[in-house]
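This report refers to the structure that appears directly beneath it.
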Amino acid sequence: MTGGVNLNILVTGGAGFIGSNFLNYSVPKYPQFNFINLDKLTYAANLLNLKKIEHNSNYCFIQGDIVNYEFLSRIFEKYKPEIIIHFAAESHVDRSITGPAEFINTNIIGTFNILEACRKYWDKSDEKVFHHVSTDEVYGSLGDTGFFTEDTGYNPSSPYSASKASSDHLVRAYYRTYKLPVKITSCSNNYGPYQFPEKLIPLMILNAVESKPLPVYGKGENIRDWLYVEDHCLAIWDVIKKGKTGEAYNIGGNNEWKNIDIVNKICEVLAEEMDVDSSAFKKLITFVKDRPGHDYRYAIDSTKIMRDLGWRPKETFDTGLRKTIKWYLQNRKWVESIKTGRYQEWLKANYDKRIIL
Ligand code: NAD
Ligand code: DAU
């Protein structure tokens, strides 16, 4: 990255959870860069996420689909982006199990289209970055020990993770074959404000507040490594600015939790914030039929990004989780905006057929 002024940065999927946190942080922080947010506005997107920056002069929003190559070409011709940060994806494992087609279209074909547009429009002599935002799920599942490093072989389990693995392979192939200046980050589970409540943490918070069951898959013994979303965004900036072209960087929180322990912790922090007894929430915990192909454990070895780029997470899990819970309690307008018929349909489709264990 040149560090020059007036760079045009194309952010795909910037109205979703991580993309909007990235833009809310980056747009005021880097007034010298122009941020173009291209998003299809699927169910997971919300323009309310971007209220704070929508009038900033270095920000604009364009609704569009990365699966449409002609549309992408027009964006490249008009804005001539020098940096692309590619968040856009179908991101929910359970939805990929009930309906994989969209995951193939957006995550594989959509990524392929952006790579093709870069190949066509980018001058090889220029300093550019195509930053591909990927996931630790491409590595598959760990047992009780060990960590994913950048050299761990790919072994995805769900249609979601297989589609992300496929897009990673395409990104690497474009580096090796065409010398396209790519960078890849593979991050563990994010949490924080603006996360759509189909994912574990916001689903549990909102269900508990409404005294609805807290559905824990299987025995709740699966393990995830949780990272506050803004720490992920800072890591992406470190890689864009200082990371090596053609390389991948793992990002994790060194913060492993069993699902059941995290659900209990949410109940406790929520009870403190609402000044009630946590048993009122804990009694809602319901063990339900497991996710098919459920990966047992994810754990990231972040040595490379910490050693080579100096990245460190800033938020502890205690502070980050409390901030997140407060955010969902204080942002009722946002919460109401996602409670659409489509959301209720998803809850019905995913949970009604899960036998209670
Ligand atoms: P999200 O589902 O909240 O948001 C995805 C965004 O992409 C939405 O705004 C949606 O409208 C947009 N989008 C979907 N299809 C599109 C299309 N065809 N064209 C244009 N825009 C489209 O997802 P997220 O949790 O913010 O994840 C963002 C990225 O980070 C994804 O690539 C995901 O694989 C990756 N990731 C997520 C996590 C996590 O814990 N959430 C962890 C590691 C990596
Ligand atoms: O690891 C990174 C990945 O983390 C990202 O690539 C994905 O986009 C993101 O969705 C996330 O995937 P997970 O499947 O790990 O996240 P989710 O929040 O859906 O589930 C977390 C764990 O909680 C998982 O073990 C399944 C379990 N779970 C989830 C839900 C929604 C439950 O027990 N009950 C639930 O209702």
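Normalised by the number of residues in the chain, the average gap of Cα pairs under 8 Å and 6 or more apart makes the relative contact order 17 percent.
Distance between the modelled labels on residue 344 and residue 280, one decimal in nanometres: 2.5 nm (7 Å Cα→Cβ projection). For the stretch 117-186, the residue among 152, 129, 141 whose Cα projects farthest onto the positive side of the dipole built from Cβ charges is 129. With θ taken as phi - 60° and the Karplus curve 6.51 cos²θ - 1.76 cosθ + 1.60 applied, the whole-hertz 3J(HN,Hα) list for the stretch 208-214 is 4, 4, 9, 6, 9, x, 9 Hz, x standing for glycine and proline.
Summary of packing: across the peptides 86-99, 44-57, the per-residue average of other C-beta atoms within 10 Å ranks them, highest first, as 86-99, 44-57. Positive end of the dipole of the stretch 54-186 (Cβ unit charges, origin at the Cα centre): among 117, 162, 58, the Cα lying farthest that way belongs to 117. With the convex hull drawn around the C-alpha atoms of the stretch 3-76, the volume per residue stands at 87 Å³.
Would you mind checking 289/353; 52/333; 51/242; 29/241 for any pair whose Cα atoms are more than 19 angstrom apart? Write out the running numbers ahead of the final one.
Details: 289/353 9 Å; 52/333 15 Å; 51/242 30 Å; 29/241 14 Å.
Over 19 Å apart, Cα to Cα: 51/242.
Residues whose amide H lies under 5 Å from that of residue 189, counting only those 5 or more places away or on a different chain, are 225, 227; hydrogens are built 1.01 Å from N in the peptide plane.
Projected onto its three principal axes, the C-alpha set of the stretch 114-253 covers 58, 31, 25 Å, listed from the longest axis down. In a reduced charge model with +1 at each Lys and Arg Cβ and -1 at each Asp and Glu Cβ, the stretch 21-134 shows a dipole moment near 240 debye about its Cα centre. The amide H of residue 11, built 1.01 Å from its N in the peptide plane, has 36, 37, 38, 85 as neighbours under 5 Å, considering only residues 5 or more places off or on other chains.
Counting Lys and Arg as +1 and Asp and Glu as -1 over every other residue whose Cβ lies under 14 Å from the Cβ of residue 348, the net charge comes to +2. Applying 0.36 nm per residue to the separation of residue 179 and residue 296 and subtracting their alpha-carbon distance, the gain on full extension is 38.5 nm.
By the helix-only formula, in which each DSSP H run with n ≥ 4 contributes -39500 (n - 2.57) and the sum is divided by residues, the chain has a 222 nm mean residue ellipticity of -12000 deg cm²/dmol.
If packing is taken as the mean number of other Cβ atoms within 10 Å per residue, what is the order of 194-201, 255-262, highest first? Don't jump to the answer; show the numbers that get you there.
Working: 194-201: 21.2, 255-262: 17.9.
Averaged packing, sorted descending, gives the order 194-201, 255-262.
Return the tail of the calculated pair distribution for the chain, meaning the percent of Cα-Cα pairs more than 37 Å apart. Could the numbers behind the result be given before it?
Values: 9869 of 63546 pairs.
Of all Cα-Cα pairs in the chain, 16 percent lie more than 37 Å apart.
Which part of the stretch 331-357 falls in the paramagnetic zone of residue 206, meaning amide N under 16 Å from the point 7 Å along Cα-to-beta-carbon? Only 331-352 fall inside the zone, counting backbone N under 16 Å. Using a basic spin-label model with each label point 7 Å from the Cα along Cα→Cβ, how many nm lie between residue 254 and residue 314? That separation, rounded to one decimal, is 1.8 nm. Under a Cβ-only charge scheme (Lys and Arg +1, Asp and Glu -1), can you give me the dipole magnitude of the stretch 224-357 about the Cα centre, in debye to the nearest 20? The calculated dipole for the stretch 224-357 is roughly 380 debye.
Using a simple charge model, +1 on the beta-carbon of Lys and Arg, -1 on the beta-carbon of Asp and Glu, nothing else, what dipole does the chain show about its Cα centre, in debye to the nearest 20? Each step should come with its number before you reach the end.
Working: 45 positive and 43 negative charges, 94 e Å.
The dipole of the chain has a size of about 440 debye.
Over all Cα atoms in the stretch 306-357, the spread is summed up by Rg and Dmax: 17.9, 47 Å.
Local charge sum around residue 47 (other residues, Cβ-Cβ under 13 Å, Lys/Arg +1, Asp/Glu -1)? Mind showing how you got there, number by number?
Working: positive: 40, 51, 52, 333; negative: 39, 54.
Summing Lys/Arg as +1 and Asp/Glu as -1 gives +2.
Each value in this text was obtained by applying a stated rule to the coordinates, not by laboratory testing. Here the structure is a predicted model, which is why all the values come from computation and not from measurement. Cβ atoms come from the backbone with ideal geometry, glycine included; neighbour counts cover every protein chain shown.
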